[in-house]
Amino acid sequence: MPPRFAEPDIALDHLADGSLLLRSRTPLLPYGRCLGDFLEEWAARAPQRLFLAERAPQGWRRLCYGEARQAVRAIGQALLDRGLSAERPVLILSGNGIDHALLALGAMHVGVPVVPVSVAYSRLSQDFAKLRHILSLVRPGLVFAESGAEFETPLVALDLGEAELVLGRDPPRDRRSTPFAALLEATPGPALDAAFAAVGPDTVAKILFTSGSTGLPKGVVNTQRMLCANQQMIAQLWPFLEDRPPVIVDWLPWNHTFGGNHNFNLVLRHGGTLYIDDGKPAPGLIERSLANLRAAAPTLYFNVPLGYAMLADALERDEGFARHFFRELDFLFYAAAALPQTIWERLERVSRKARGAALPMVSAWGTTETAPMATAVHYATERAGNIGLPPPGGALKLALLGGKRELRVKGPHVTPGYWRRPDLTRAAFDEDGFYRTGDAARFAEDRAPARGLVFDGRLAENFKLSSGVWVDVGALRIAVIAACAPLLADAVIAGHDRDRIGLLLIPNVAACRSCAPELAEAAPAAIVAAPVVLAAFRAALLRFNAAATGSSTRIARALLLAEPPSIDGNEITDKGYINQRAVLERRAASVERLFGDGDASVIVLDGGA
């Protein structure tokens, strides 16, 4: 039976400056005071229900709601005993895990902001510049890492100031630290209850740092109002969530709003279960994700397009796994980047084969500053790309800017600003108080607003050719991926101030190996240089060019990259999204090769330079 969605009821107003105002006519119902109330509710209603599970050496470590509440209250008291406050937050270096969750919930329970930081800033960076910046801006009172050994280099190199270092295990010999278990030994008292009662909608729950792809990371203030209002919006758009507690198997990092706010809080709001996936869509790690999905049957599944491409490969190979994966699912959800239509169709085919009918696939759109959901699909769609409509209580302005319509957001789910950066806060909002996102959208059907919006790219990614013609990077990228399927994992569009468009191609290595038997065991460097692979890409791109409408969509040259995108180089985010600007800057030499002469590895499509 398909999931119950709310019926779209949208008002569209034309503003004097040419902007459009899109909002739901459905009022937002009352929402929770704070996330801690959700934990209290489910600990009382279903204390033995499984809340969190993670892989451990001896099997799955499991935590039910009653146990979680007891631990959270103890941790909250321990933080109060240490004098932590809104001005002395908790900073978390480690990735997703039960102890991470308990510490974050314990801090928020007593009004202490939590600052989860990208693991890449600690473990993949060489100079720790971003981590130093965050430490100086936040000035934490406590810093947590699950493993002292795994984070030993940054812990030795960085000045933590007066912050107490708390470690789950493996403390370094030459640095004083406190065991995480010590926090659990505190006895909750009246101070804890008073602090919890004082938490309100305007209390800062989290400070989430943006990726810093174009500069140092910005600390986005996330209030309890934002997080609770957003979950109420989601609940009203997807009422089927009330039918049964959701079960999620999820790898998305908690230092990002997608995994840490949308998914984690959805589980908490509805009394569901979260299996913490210690894999991710990357070579050597996707196997962990597949093993975790075999261990549990999710009712909802969330991923980014790169993850779905890898998942589709596994589902097509293993019918038994496909039947298990789809057995309990209500829908597949994709976000963080546009999903190529070819992957959508592959998932549709395998779901029909496994369950007799295609599974609904939905998406949403938002930012760290919008908690994150600002639009969501809650109706049937037939193609990838639809990002939905604004929820109850949220307003969307489509402002004319540079020939496109920028998405601007207003509502209780929008941030009040950036941590200790009033200058950035002022610049982030327009004259009507709408948050400027820098993303563009258009209507799926111009005469039918209720059919939703289609993502129309990042305004900052688009560029002009030397002729003055604009190139729509987002749309072109999706079209190229579809044209080269299944050989292509992703593409970076080059050509700023040049006369033609070039591509840096990130191959799907597994698919490329199938081009010839001799490539079965070949290394990536050999695969991208293989004549049969180059010929296959050239043929696909020539077919693409045959349908091109002008210089803004016609591809002149392409170059396959042997080295995968680098998280440390900001080329790929923790969520698996390609950062176009960072790739072009980091691989400037490859861009010069792409547009130069005499390189046999460059696929030349029109003979131009």
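Taken together, the values in this text are just the output of simple stated rules run on the coordinates, not laboratory data. Being a predicted model, the structure only gives us computed values, none of them experimental. Counting neighbours? That spans all protein chains shown, and the Cβs are built from the backbone with ideal geometry, glycine included.
Sorting check: for 62-72, 581-591, which peptide has the highest mean count of neighbouring beta carbons within 10 Å, and how do the rest follow?
62-72, 581-591
Under a 5 Å amide H cut-off, with hydrogens placed 1.01 Å from N, THR178 pairs with LEU165, VAL166, LEU167 among residues at least 5 apart or on other chains. Footprinting exposure proxy ranking of SER514, SER122, fewest other C-beta atoms within 10 angstrom first, gives SER514, SER122. Among the GluC sites (Glu not before Pro) within region 323-427, those in coil by DSSP and having at most 10 neighbouring Cβ atoms inside 10 Å are GLU382.
Three semi-axes describe the equivalent ellipsoid of region 463-604; taken as square roots of 5 times the Cα gyration tensor eigenvalues and ordered largest first, they are 23, 18, 14 Å. Here region 63-199 carries DSSP beta bridges of which approximately 5% are antiparallel, counting only pairs with both residues inside.
When DSSP beta bridges are restricted to pairs lying wholly in region 463-604, around 70% turn out antiparallel. The length gained on full extension between ASP432 and ARG538, counted as 0.36 nm times the residue separation minus their Cα-Cα distance, comes to 33.2 nm.
Region 505-550 and region 157-200 have Cα centres separated by 52 Å. If you take the Cα centroid of region 62-86 and the Cα centroid of region 338-353, the two points sit 43 Å apart. Full extension of the chain between ARG33 and ALA86 gives 17.3 nm of extra length, using 0.36 nm per residue less the Cα-Cα distance. Distances between placed amide hydrogens fall under 5 Å for LEU339 paired with GLY385, all partners being 5 or more residues away or on another chain. Normalising by residue count, region 288-347 has a Cα convex hull of 79 Å³ per residue.
For region 7-100, what is the per residue volume of the convex hull drawn over the alpha-carbon atoms, in cubic angstrom?
So the per-residue Cα hull volume is 245 Å³.
Quick one: of the DSSP bridges fully inside the chain, what percent are antiparallel, nearest 5? In the chain, approximately 60 percent of DSSP beta bridges are antiparallel ones. In this rough spin-label picture, where each label sits 7 Å from Cα along the Cβ direction, the PHE128-ARG458 distance is 2.8 nm.
Close amide-amide hydrogen proximity is noted between ALA489 and ILE506, ASN508, each under 5 Å apart and 5 or more residues distant or on a separate chain (H modeled in the peptide plane; Pro and chain starts excluded).
Each residue of region 393-409 was assigned a 3J(HN,Hα) from its phi angle through the Karplus curve 6.51 cos²θ - 1.76 cosθ + 1.60 (θ = phi - 60°); the sequence is x, x, 10, 10, 9, 9, 8, 5, 7, x, x, 10, 10, 6, 7, 10, 10 Hz, with glycine and proline shown as x.
May I ask you to compute the full-extension gain from THR425 to SER136, defined as 0.36 nm times their residue separation minus their alpha-carbon distance, rounded to one decimal in nm? Provide the component values of the computation, followed by the final result.
On the way: separation 289, 0.36 × 289 = 104.04 nm, distance 1.87 nm.
Result for the pair: 102.2 nm of gain on full extension.
Compute the separation of the alpha-carbon centres of region 1-53 and region 355-372 and state it in Å as a whole number. Using only Cα atoms to place each centre, the spacing works out to 14 Å.
By the Cα gyration tensor, the chain has an equivalent ellipsoid whose semi-axes, rounded to whole angstrom, run 39, 28, 25 from largest to smallest.
For region 63-199, the Cα-based Rg and Dmax, in that order, read 14.4, 45 Å.
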